[in-house]
Amino acid sequence: MNIHEYQAKELLADFGVGIPAGHAALTVEEAVEAAKKLPGPLYVVKAQIHAGGRGKGKFKELGPDAKGGVRLAKSIDEVRADAQDMLGNTLVTVQTGDEGKQVNRLYVTDGVDIAEEYYLALLVDRASGQVAMVVSTEGGMDIEDVAHSTPEKITTITIDPAQGFMPHHGRAVAFALKLDGDLNKQAQKLAKQLYEAFMALDGEMLEINPLVETKDGKLLVLDTKMSFDGNALYRHPKVEELRDETEEDPAEVEASKHDLAYIKLDGNIGCMVNGAGLAMATMDIIKLNGAFPANFLDVGGGATTEKVTAAFKIILSDPAVEGILVNIFGGIMKCDIIADGIVAAAKEVNLSVPLVVRLEGTNVEKGKEILENSGLPIVSGDNLGDAAEKIVAQVKKAA
């Protein structure tokens, strides 16, 4: 789960991390009132969307010469004008795609006199099973560009969760940032605070870009992104409350309500599979046959008829779907349950696209019998390869 910048900063502040003063706003007047609470005379007005590259982004409605989603304002009147520009309009960045994201929230912060900019991130290193702290002196830039052009300027420090954060980790961070004196001590303390926040909140990613050194010698988190392990949210109701469903794909939101693993993709063949590995194989074989999957959807091992029906309806809610491939290996998940769900959903949504179903495993004969007696134009696949060939052929024929 992702959260907004201002939400991440509020969470980090609870762990003692230094952040500039700022307030969130949902309306133009709230943005103005937020600015009035700050010392000024320089303010920063930031669009709050779940995407990076906001400063370089462009608003669809404002023309190519308009400023981006992060703006410096030198007066309350400029804050008002910037808020009017941003709220309700669509910001397009390198991470949003051409469709962009509508700006529904702003973050108005105090201006900061910046002396230097740095980069610091915490990630889960799945290869080692440890936490990776990625540090660079090249803050304020796209870290991918730094990695490509000057990889020697990136330092990765791994931390074993069983051991926890140790003093030498903090020293390594300060050394990588080339800080000395009091700034060195601040960097060590900050690294420890960030690690504690990351672990305590079951973080998946915490990126600070830039981490800034102010002209009066303080380290402050100027911008940050944070995401969390969705499977651990039950342990963090405060974090779960921060979810902004308007930033997510509506189908993915609906899928989460039914405990379905769904991710929308760019193809035209919908997939419903049980098991992540089988789902990946199904998508691969669709591409092998010259088409592209429209989604990843794993119904899991213990789905009910209602859950399968919900999954089917979610797939069909995507207007790009021109055909559906259902690939089920019945172990815990019984094939007749899947078949009941498929028939119920197909009748409820008035199925109008080709449907190929491959069933194998527990109660497979019962499942096939249910499909055959449904009165619906459902094509059976003898195996995965046969099913993929049939759905691709059906879609091409319909086109």
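Considering the dipole of the stretch 114-240 built from charges on the beta carbon (Lys and Arg +1, Asp and Glu -1) around the Cα centre, which of Met141, Phe228, Leu201 is farthest to its positive end?
Value: Leu201.
So in the chain, what percent of DSSP beta bridges are antiparallel if you round to the nearest 5?
Among the beta bridges of the chain, antiparallel pairing accounts for roughly 75 percent.
Going by how many other Cβ atoms sit within 10 Å of their own, how do Arg358, Arg235 line up, fewest first?
Arg235, Arg358
Would you grab the residues whose amide H sits under 5 Å from the one on Gly275? Only those 5+ places off in sequence or on another chain, please, with H modelled 1.01 Å from N.
Amide H neighbours of Gly275, under 5 Å, 5+ apart: Val299, Gly300.
How big is the charge dipole of the stretch 151-245 about its Cα centre, in debye rounded to the nearest 20, if each Lys and Arg gets +1 on its Cβ and each Asp and Glu gets -1 on its Cβ?
440
Two decimals is fine: what's Rg over Rh for the stretch 250-398, C-alpha atoms, Kirkwood radius as Rh?
With Rg and the Kirkwood Rh in hand, the quotient comes to 0.91.
Among the listed pairs Lys225/Lys307; Lys9/Lys46; Lys192/Lys238, give every one whose C-alpha distance is greater than 24 Å.
Going by Cα-Cα distance, Lys225/Lys307 fall outside the 24 Å limit.
Based on alpha-carbon atoms only, what is the radius of gyration of the stretch 294-356 relative to the globular estimate 2.2 N^0.38 Å?
Against the compact-globule rule of thumb, the ratio is 1.04.
Taking amide hydrogens as modeled 1.01 Å from N in the peptide plane, which residues meet the under 5 Å criterion relative to Leu87, leaving out close sequence neighbours?
none
Quick one: which of 61-73, 146-158, 105-117 comes out on top by average Cβ neighbours within 10 Å, and what's the full order, highest first?
105-117, 61-73, 146-158
If you place +1 on the Cβ of every Lys and Arg and -1 on the Cβ of every Asp and Glu, how big does the dipole about the Cα centre of the stretch 21-110 come out, in debye to the nearest 20?
Charge dipole, the stretch 21-110, about its Cα centre: 240 debye, nearest 20.
Using θ = phi - 60° and the Karplus form 6.51 cos²θ - 1.76 cosθ + 1.60, what ³J(HN,Hα) does each residue of the stretch 153-162 get, whole Hz, x for Gly and Pro?
Result, ordered by residue: 8, 10, 10, 10, 10, 9, 10, 6, x, 5 Hz.
Karplus couplings for the stretch 315-322 from phi (6.51 cos²θ - 1.76 cosθ + 1.60, θ = phi - 60°), rounded to Hz, Gly and Pro as x?
Computed from phi, the couplings for the stretch 315-322 are 4, 6, 6, 7, x, 7, 6, 10 Hz.
With +1 on the Cβ of every Lys and Arg and -1 on the Cβ of every Asp and Glu, and nothing else charged, how large is the dipole of the chain about its Cα centre, in debye rounded to the nearest 20?
Using Cβ point charges on Lys, Arg, Asp and Glu, the chain gives about 140 debye.
With unit charges on the beta carbon (Lys/Arg positive, Asp/Glu negative), name the residue among Phe175, Gly129, Val79 whose Cα is farthest towards the positive pole of the charge dipole of the stretch 77-190.
Selected residue: Gly129.
For Glu360 and Lys189 in the same chain, what is the full-extension length gain: residue separation times 0.36 nm, less their Cα-Cα distance, in nm?
55.9 nm is the gain from fully extending Glu360 to Lys189.
With viscosity set to 0.890 mPa s at 25 °C, what whole-number translational diffusion coefficient in µm²/s follows for the chain from Stokes-Einstein and a Kirkwood radius over Cα pairs?
For these conditions, the coefficient is 103 µm²/s.
What list of ³J(HN,Hα) values in whole Hz, one per residue of the stretch 342-347 in order, does the Karplus curve 6.51 cos²θ - 1.76 cosθ + 1.60 (θ = phi - 60°) give from phi, with Gly and Pro shown as x?
The phi angles translate into 4, 5, 4, 5, 4, 6 Hz.
Toward the positive end of the charge dipole of the chain, about the Cα centre and with charges on Cβ (Lys, Arg +1; Asp, Glu -1), which of Met166, Leu371, Val326 goes farthest?
Sorting the options by dipole projection puts first Met166.
Here, each number is a calculation from the coordinates, and none is a lab measurement. All values reported here derive from a predicted model rather than from experimental measurement. Please note: Cβ atoms are built from the backbone with ideal geometry, for glycine as well, and neighbour counts cover all protein chains shown.
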